[in-house]
């Protein structure tokens with residue numbers, strides 16, 4: 001069975017209804033895809049940083065991470081957030097297990113210059129993911145890796161999802177807090193139903209794609225190169241995932257055969 005990597009944005013975790021997780025079960029039947037979950041958790045990380053009086057700093061949508069922030073990211077992402085998703089999946093009848101990119105060296109990374117304790121994925125070791133899937137268990141992956149000296153590295157969840165999907169040659173589904181890639185400067189604003197790489201980079205250059213959407217789009221393009229297709233869906237619309245499970249419709253689609261090479 002083919003896999004689909006489902007990236008769940010941290011800003012949505014408190015809003016997703018039980019029906020969302022039940023629909024993941026339907027994906028197995030209606031789309032014949034085995035789910036692999038990768039999640040964020042930025043708001044929960046920010047809450048604990050606030051308690052510790054550490055100001056969050058972002059650069060091009062990526063979190064600048066000091067050592068204390070890296071420890072908070074690991075504690076929140078690999079701990080409370082990860083287990084929250086595992087509980088929700090199991091309540092929906094899905095056997096699930098929470099792991100992190102540090103487990104079995106799943107996410108091999110190198111430090112990003114200028115961002116502190118932030119890892120850039122260089123390789124994905126899929127052995128632990130494959131083992132869980134073969135056992136009938138849905139992996140729930142926290143985007144934290146380990147530096148050579150054993151220090152935790154924060155990995156952008158969108159990039160982690162893109163790398164996992166590319167390594168597994170799986171479809172990638174982003175569950176976001178917007179309908180997809182939007183042009184909010186147009187009147188009226190509109191949704192891009194499809195984009196290729198050249199168009200996406202042009203929109204980034206013009207500022208239409210900005211902030212946290214930049215790593216999402218670039219991760220989507222990376223995964224589409226390997227799997228053929230990536231889709232971004234509106235997680236706030238409870239019908240969006242169900243529609244995609246039924247016929248693959250909705251959101252913004254990036255396809256391998258649409259990506260321009262230059």
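The values are calculated or read from the model by the stated rules, or taken from the named source; none is laboratory data. Just so it is clear, the structure is predicted and the values come from calculations on it, not from any experiment. No Cβ is skipped: glycine too gets one built from the backbone with ideal geometry, and neighbour counts run over all protein chains shown.
Among residues of segment 89-118 that are at positive phi and modelled with pLDDT under 95, those with a Cβ under 6 angstrom from a residue that is crowded, with 19+ Cβ neighbours inside 10 Å and not in a helix (DSSP H, G or I), sequence gap 6+ or separate chain, pair up as 116/65. The one condition from (1) in contact (Cβ under 8 Å) with a residue 60 or more places away in the chain; (2) farther than 17 Å from residue 90 by Cα; (3) outside any strand (DSSP E or B) that residue 27 does not meet is (2). Of the helices (runs of 4 or more DSSP H) entirely within segment 74-182, those holding at least 1 residues that are touching a helix residue (DSSP H, G or I) at 6+ places or on another chain (Cβ under 6 Å) and crowded, with 19+ Cβ neighbours inside 10 Å occupy 82-91, 157-168. In segment 138-162, the residues that are free of Cβ contacts under 8 Å to residues at least 40 places away in the same chain and on the phi < 0 side of the Ramachandran plot form Cβ pairs under 6 Å with partners that are outside any helix (DSSP H, G or I) and crowded, with 24+ Cβ neighbours inside 10 Å, at six or more places apart or across chains, as follows: 147/153.
Hey, does segment 239-249 have a residue that's farther than 26 Å from residue 17 by Cα, part of a helix (DSSP H, G or I) and modelled with pLDDT under 90? No, there is no match, as no residue in segment 239-249 is farther than 26 Å from residue 17 by Cα, part of a helix (DSSP H, G or I) and modelled with pLDDT under 90. For segment 33-51: of the residues being surrounded by fewer than 21 Cβ atoms within 10 Å (Cβ to Cβ) and in contact with a strand residue (DSSP E or B) (Cβ under 7 Å, 6 or more places away or on another chain), which is nearest to residue 76 (Cα to Cα)? Per the stated criteria, the residue is 34. Residue-level check: of (1) within 25 Å of residue 180 (Cα to Cα); (2) over 16 Å from the mean Cα position of the chain (by Cα); (3) in contact (Cβ under 8 Å) with a residue 40 or more places away in the chain, residue 46 misses just (3).
Filtered by the rule that a residue be modelled with pLDDT of 95 or more and closer than 19 Å to residue 79 by Cβ, segment 119-131 gives a lone residue, 128. Taken over segment 1-24, the residue count meeting the criterion of being part of a helix (DSSP H, G or I) and in contact with a helix residue (DSSP H, G or I) (Cβ under 8 Å, 6 or more places away or on another chain) is 8.
Mind checking whether some residue in segment 211-227 is part of a loop (DSSP other than H, G, I, E, B), without any contact (Cβ under 8 Å) to a residue 60 or more places away in the chain, surrounded by fewer than 20 Cβ atoms within 10 Å (Cβ to Cβ) and on the phi > 0 side of the Ramachandran plot? Scanning segment 211-227, I find no residue that is part of a loop (DSSP other than H, G, I, E, B), without any contact (Cβ under 8 Å) to a residue 60 or more places away in the chain, surrounded by fewer than 20 Cβ atoms within 10 Å (Cβ to Cβ) and on the phi > 0 side of the Ramachandran plot, so the answer is no.
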